[in-house]
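A quick write-up on the structure given underneath.
The values are calculated or read from the model by the stated rules, or taken from the named source; none is laboratory data. Quantities reported herein were computed from a predicted structural model and do not represent experimental measurements. All Cβ positions, glycine included, derive from the backbone under ideal geometry; neighbour counts span all protein chains shown.
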Amino acid sequence: MKTALIIPAAGSGVRLGAGRHKALVEIGGQALVRLALEPFRRIEHIVEAIVVAPQGAMPEIQEALKGVDWPTCALRVVAGGETRQDSVRNGIETIDADVSLVCVHDAARPLVTESTVLRVLAAAAEGGAATAASRPADSLRVDTADGATEPLDRDKAWLVETPQAFRYEVIRKAHAHAQATRFTATDDATLAEQCAGAKVTVVESDALNLKITKPEDLEVVRGIIEAVQG
Ligand code: CTP
Ligand code: MG
């Protein structure tokens with residue numbers, strides 16, 4: 001199934017505090033946005049990849065992607081918005097190719113594997129919407145109405161990640177409806193469910209798919225990538 005890839009990379013990375021946009025932070029000489037694209041390059045049915053860049057850093061993102069070898073795919077950079085949801089919507093609105101599926105993957109997750117991507121795409125093709133996720137390792141508690149906390153069954157909990165994938169009509173409808181009703185969510189699977197009635201299939205990530213949020217996350221990911229590269 002022909003697929004468009006959206007890479008939201010328009011955040012500023014306040015919590016990382018690197019003094020530059022998070023997507024431009026480098027590991028082993030490569031920007032995070034470039035590393036996050038890597039496993040997708042081997043998937044032939046991705047015909048269009050749209051990197052959503054910070055409004056003020058389009059040339060820097062373009063520079064970071066210079067020379068990416070992906071002859072089967074049209075790679076473009078578009079401007080993002082104020083929130084992640086705005087950025088993803090901007091990306092979706094510029095899809096040019098005649099695609100059946102749309103995959104969304106954060107530039108902040110450079111450890112994603114090709115096999116996780118392929119399983120998420122297959123689940124979305126089958127059921128309309130899918131997300132990568134992991135089981136929490138820690139025990140969980142949630143706040144209660146009376147100001148106390150109570151335990152949550154860890155075996156039933158998922159930590160929601162990207163990649164997420166959707167049938168094209170599902171994600172178009174979800175973002176249009178969310179914009180019209182001012183519905184916001186922190187991920188697109190929630191939008192697909194709440195605004196387009198989709199059923200979300202959860203696909204367990206096959207390896208640590210850490211999101212770089214804080215400086216310590218960057219160091220962990222750097223260590224893993226350097227260990228793999230030798
Ligand atoms: N993102 C985006 N547009 C925004 C905000 C975020 O495209 N307006 C992207 C980020 O670039 C990142 C992903 O969404 O790849 C997940 O967001 P997050 O990890 O929160 O990144 P930042 O918003 O950059 O970080 P922070 O919240 O610490 O500022
Ligand atoms: Mg953010």
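List of remarks:
- Each residue in segment 191-230 was checked for being under 25 Å from residue 168 (Cα atoms) and free of Cβ contacts under 8 Å to residues at least 24 places away in the same chain, and 3 pass.
- Unique residue being more than 16 Å from the chain's Cα centre (by Cα), of a type in the set (Ser, Thr, Tyr) and within 22 Å of residue 108 (Cα to Cα) when the list is 131, 184: 184
- Qualifying residue in segment 190-206 (condition: in contact with an Asp or Glu (Cβ under 9 Å, 6 or more places away or on another chain), part of a helix (DSSP H, G or I) and either at pLDDT 95 or above or surrounded by 13 or more Cβ atoms within 10 Å (Cβ to Cβ) (or both)): yes
- Taking the criterion of being more than 16 Å from ligand 2 (Cβ to nearest atom), among the hydrophobic types (A, V, I, L, M, F, W, C) and over 16 Å from the mean Cα position of the chain (by Cα), the only residue of segment 3-30 that qualifies is 27.
- If you go through segment 79-115 and pick out every residue that is among the acidic types (Asp, Glu) and either under 15 Å from the mean Cα position of the chain (by Cα) or within 16 Å of ligand 2 (Cβ to nearest atom) (or both), you end up with 4.
- Whichever residue in segment 34-69 is touching a helix residue (DSSP H, G or I) at 6+ places or on another chain (Cβ under 8 Å), in a helix (DSSP H, G or I) and charged (D, E, K, R) and, among such residues, is farthest from residue 94 (Cα to Cα): 42
- Condition met for residue 87 (touching a Lys or Arg at 6+ places or on another chain (Cβ under 9 Å), within 13 Å of ligand 1 (Cβ to nearest atom) and at pLDDT 95 or above): no
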